[in-house]
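The values are calculated or read from the model by the stated rules, or taken from the named source; none is laboratory data. Remember, it's a predicted structure, so these values are computed and weren't measured experimentally. All Cβ positions, even for glycine, are placed from backbone atoms using ideal geometry, and neighbour counts span all protein chains on display.
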Amino acid sequence: MAGRSIRILLNGEPCEIRDVPPATTVLDWLRTEKRLTGTKEGCAEGDCGACTVVLGIPDGGGLRHEAVNSCLMTVPQLAGRALVTIEGLADNGRLHPLQRALVETDASQCGFCTPGIAMALFAFLEGGEKPEVETIHDALAGNLCRCTGYRPIVDAARKAPRAPRPAPAAPVPEAGPDYEAGAQIFLAPRTLDELVALRTRHPDAPILAGGTDLGLLFSRERRAFDAIISVARVEELSRLEVRDDEIEIGAAATYTRALPVLDAEYPGMGELIRRIGSRQIRNLGTIGGNIGNASPIGDMPPCLIALDATLVLRGPDGTREMPIEDFFLDYRRTDLRPDEVIEAVRVPRLAPDRVFRTYKVSKRYDQDISAAIGAYRLTLADGRVTDARIAYGGMAATPKRAREAERALIGKAWSEEAVAAAKRAIADDFAPIDDFRAGARYRAAVAANLLDRLYLQTAGAADAPTGVFAL
Ligand SMILES: Cc1cc2nc3c(=O)[nH]c(=O)nc-3n(C[C@H](O)[C@H](O)[C@H](O)COP(=O)(O)OP(=O)(O)OC[C@H]3O[C@@H](n4cnc5c(N)ncnc54)[C@H](O)[C@@H]3O)c2cc1C
Ligand code: FES
Ligand code: FES
């Protein structure tokens, strides 16, 4: 039986939400129902950060604070969370130390971006990270300021005293059961079996994970659905397990949770994930959503293909496993059956004789979608390539292996000659398209040239840069 209200803490006070259609965004609800208009709408698609609010997530007896884009988040996703908006930062009219620092460093001009910037930095400071320029920039990558410039904003973040917020007097209410308003229902199953049963019962309902892709249906397209099925509270889907031979990532694990685990195992992956959207996006966005979205320019699929990951799908008849590369059939078409959900992805750990690298190429370094992305796993023995798995995104209608380039390398000495042959073979692997992100010739050239970078890094050139590159 679905509940007709959601109880949360809003700026430290208990708040009951009723009669709000489930597809309403948190941003719309705040501004129109609660009249909390400090949170701004700039783009309504997760890019500008003007709508940033902070979630307090119960964690080990306290609250973990995460910045999110309220324009992409639906109201029922707030269940079980404390919500802090810009109106909640000051204490009885006394500015929060961060707000004072923003004033003192003249970090605001027109002020439109300022609430979002304050909230992104509030989450950053609550997280207890060292306020170094690089980490502050990372925390601000999802917030655009068009008039002040970032120097005084960064100064404010460095200057603001660490003053962790006291825990709210009231506890965060438990997330209730499903939520219903009007003719619409938000289904939030707790187990995988319940999720699969709901999938069968509501074949047309969207499956919602973090909503950083799907959220556009609500914020831009204003679509309403009879039912929305959320995977976020299914415990089995949020698991993240490092085993002897593989890492299993539940489909609903967010980038923020997966980042340290994947970074520790696969060189370059941490830097890649740090460039997926912004912290706001990574706090909501999931690995399963990136696979389910099946975009040809999604960042995780090429890595998972190169790493020979196995996708675990769950349907009414049980579990089905497949190599992830077989999942992507055509442009945004996958092998997922209408009654199935993505359960997890299992990624083999890196054996000592294997190297892995990934390179993302985009117009901007931060908060930009890939023009092309390459991922490479080589097995090397006595200077020879005994196995190669190479996958690219942005080069075809799906994320896809470069089998000709792999063939050009396998059995050869890992040398400039082998790389030159693999670069030529890339032309046989792909016929990329022109679009606003990059031209076909550019994509073809860059995909081939990334092999040089791979060689320079893995053949031991000490000064070769590592990680992810924007051109
Ligand atoms: C500003 C911005 C920047 C972005 N930058 C990047 C970037 O740099 N790189 C990148 O790759 N992506 C980027 N994205 C896209 C997006 O963040 C990712 O694709 C993300 O992984 C989606 O995850 P989600 O949990 O939000 O998915 P959702 O939006 O909830 O869902 C996405 C799709 O997957 C399906 N789905 C989700 N979970 C399951 C499941 N368990 N079973 C079956 N289907 C499922 C949904 O039905 C939907 O079709 C960006 C998005 C925004 C808004
Ligand atoms: S309004 Fe621009 S990110 Fe939400
Ligand atoms: S102060 Fe004007 S956009 Fe930042």
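Observations, loosely collected:
- Residues satisfying the stated conditions in the range 122-174, i.e. within 24 Å of GLY61 (Cβ to Cβ) and assigned to a helix (DSSP H, G or I): PHE122, ALA123, PHE124, LEU125, GLU126
- Candidates PRO171, PRO203: the one that is assigned by TED's automatic domain parsing to the domain that holds ARG18 and over 25 Å from the mean Cα position of the chain (by Cα) is PRO171.
- Single match in ALA44, ALA50 (criterion: surrounded by 23 or more Cβ atoms within 10 Å (Cβ to Cβ) and not in a helix (DSSP H, G or I)): ALA50
- Selection from the range 358-376 of residues that are surrounded by fewer than 23 Cβ atoms within 10 Å (Cβ to Cβ) and either in contact with a strand residue (DSSP E or B) (Cβ under 6 Å, 6 or more places away or on another chain) or farther than 15 Å from GLY268 by Cα (or both): LYS363, ARG364, ASP366, GLN367, ASP368, ILE369
- The criterion of at least 2 residues that are within 29 Å of CYS51 (Cβ to Cβ) and more than 16 Å from ligand 3 (Cβ to nearest atom) is met, among strands (runs of 3 or more DSSP E) falling completely within the range 225-285, by 227-230, 246-250.
- Residue within the range 95-118 that is within 16 Å of ligand 2 (Cβ to nearest atom), aliphatic (A, V, I, L, M), outside the structural domain of ILE276 (by TED's automatic domain parsing) and buried (at least 23 other Cβ atoms within 10 Å of the Cβ) present: yes
- Once the range 17-53 is narrowed to residues that are touching a residue at least 40 places away in the same chain (Cβ under 8 Å) and of a type in the set (Ser, Thr, Tyr), the residue that is farthest from ligand 3 (Cβ to nearest atom) is THR24.
- Identification of strands (runs of 3 or more DSSP E) wholly contained in the range 316-418 with 2 or more residues that are among the β-branched types (Val, Ile, Thr) yields 341-348, 354-361, 372-381, 384-393.
- Some residue of the range 74-86 being within 16 Å of ligand 1 (Cβ to nearest atom), out of contact with any Ser or Thr (no Cβ under 9 Å at 6 or more places or on another chain) and assigned to a strand (DSSP E or B): no
- Single condition LEU311 does not satisfy, out of (1) surrounded by fewer than 21 Cβ atoms within 10 Å (Cβ to Cβ); (2) within 13 Å of ligand 1 (Cβ to nearest atom); (3) assigned to a strand (DSSP E or B): (1)
- When ALA372 is tested against (1) touching a helix residue (DSSP H, G or I) at 6+ places or on another chain (Cβ under 9 Å); (2) free of Cβ contacts under 8 Å to residues at least 40 places away in the same chain; (3) hydrophobic (A, V, I, L, M, F, W, C), exactly one condition is not met: (2).
- Cβ-Cβ under 9 Å pairs, at least 6 apart or on other chains, the range 134-145 side among the charged types (D, E, K, R), far side modelled with pLDDT of 95 or more and within 16 Å of ligand 1 (Cβ to nearest atom): ASP138/ARG274; ASP138/SER278; ASP138/ARG279
- Residues (hydrophobic (A, V, I, L, M, F, W, C) and away from ligand 1 (no atom under 14 Å from the Cβ)) located in the range 5-53: ILE6, ILE8, LEU9, LEU10, CYS15, ILE17, VAL20, VAL26, TRP29, LEU30, LEU36, VAL53
- Test result for PRO316, over 26 Å from MET73 (Cβ atoms), surrounded by 24 or more Cβ atoms within 10 Å (Cβ to Cβ) and not assigned by TED's automatic domain parsing to the domain that holds LEU192: no
- Residue within the range 123-136 that is at pLDDT 95 or above and within 13 Å of ligand 3 (Cβ to nearest atom) present: no
- Filter result for LEU144 (among the hydrophobic types (A, V, I, L, M, F, W, C), over 15 Å from CYS48 (Cα atoms) and crowded, with 17+ Cβ neighbours inside 10 Å): no
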